[in-house]
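Note sheet for the following structure.
The values are calculated or read from the model by the stated rules, or taken from the named source; none is laboratory data. Small disclaimer: the values here were computed from a predicted structure and weren't measured. Neighbour counts are summed over all protein chains in view; Cβ atoms, including those assigned to glycine, are modelled from backbone coordinates with ideal geometry. Areas reflect the complete protein model, heavy atoms only, side chains present, ligands, DNA and RNA absent. Shrake-Rupley method; radii C 1.70, N 1.55, O 1.52, S 1.80 Å.
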Amino acid sequence: MSPRPEALRAAARADLTRLRARYPAQFRTDWPGRARLAALLAVLIGLAAFGYWRLDFSMARILHGLGRLGTFAVLMLPPSPEGQFWTFLHALGETLGIAFLGTLTAAVFAFPVAFLAARNVVPNPFARFAVRRGLDVMRSVDVLIWALIWINVVGLGPFAGALAIACSDFGALGKLFSEAIETCDKRAGEGVVASGGSRLHRIRFGLIPGVLPVLASQVLYFFESNTRSATIIGIVGAGGIGQYLTELIRVLELQQVAFLVLMILVTVAAIDWVSTRLRRAIIGPAAR
């Protein structure tokens, strides 16, 4: 016969009393720690309040604008290409091309540079520091700024967009690649060296096979993200569907805008579905 719930609760309370008596320090309230946590939360709340005040945040303005937002939503229905379906489809393909070429170019150039930034490949701290700071400079500039730079260098069009994504992702992928290389299991490389291999053999047969699935997964994720980035940079003239999107918003052709947004949503969802399965195939069922 199982014990009654009252008896179990009484036994648990008795055990807790004995534990408190045996280990009083473990049950003592950490008032200094709680005070520090409360001070940190107060600082964060204060910074948020100051930011809202400084940026002229107003719930009244938001509520007033909800009516106009609803009007725009009604005007966007039903989504319609209005005879420009093939033009929009071509622009969407251009956007995908910008994202693909930009991501591929960044990955190709970031792959060798990442080894120069990895601690277990380049022991010289000064050389590693220079490479890492160079990657930081590249990734600290937003892709939209890179697009504006390349538009002034090579002119309007998708070529500038692909170069912008390549420059922005070069720094980010270089950093992620170098971190993956540094955390790679050392045993494979040590086995190559113990078998008589050189340092180059250790990298080629010990490091690269171990990190390649992780690097491929990161590249797939960046391609998925860059599909959205390619839409944004098209707004400033870097080609793709973003160029049509900004023009149609400006002239209030909202049904066509809704159709473009729907095309982008479907495309991003399809890419996410495919890339998720590719990542799982590359690094195993635990990939998400």
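Mind checking the per residue accessible area of region 85-283 for me, 1.4 Å probe, whole number of Å²?
Details: 10140 Å² over 199 residues.
Ligands and nucleic acids excluded, the result is 51 Å² per residue.
Could you rank 100, 85 by how accessible they are, 1.4 Å probe, largest area first? Numbers along the way, then the final one.
Numbers: 100 110, 85 80 Å².
The ordering from most to least exposed comes out as 100, 85.
Under unit Cβ charges (Lys, Arg +1; Asp, Glu -1), what dipole magnitude, rounded to 20 debye, does region 85-283 have relative to its Cα centre? Before the final figure, lay out each step's value.
Values: 16 positive and 12 negative charges, 175 e Å.
Computed about the Cα centre, the dipole is about 840 debye.
Quick one: net charge around residue 131, please, counting Lys, Arg +1 and Asp, Glu -1 for every other residue with C-beta under 15 Å from its C-beta. Intermediate values should be presented prior to the final figure.
Details: positive: 119, 128, 132, 133, 139, 175; negative: 136, 179, 182.
Around residue 131, the charge tally is +3.
Considering only C-alpha atoms, what is the centroid distance from region 74-91 to region 32-59, in Å?
Here the two parts' Cα centres lie 45 Å apart.
Which value, in Å² and to the nearest 10, is the accessible area of residue 75 when all protein chains are kept and the probe is 1.4 Å?
Only protein atoms counted, so the area is about 100 Å².
Give me the extension gain from residue 221 to residue 89: residue separation times 0.36 nm, minus the current Cα-Cα distance, reported in nm with one decimal. Walk me through the numbers before you get to the answer.
Details: separation 132, 0.36 × 132 = 47.52 nm, distance 2.32 nm.
Length gained between residue 221 and residue 89: 45.2 nm.
Percent of accessible area on region 85-283 owned by carbon and sulfur, 1.4 Å probe?
Carbon-and-sulfur percentage of accessible area, whole number: 70.
What is the sum of charges, Lys and Arg at +1 and Asp and Glu at -1, for the other residues whose Cβ falls under 13 Å from the Cβ of residue 178?
+3
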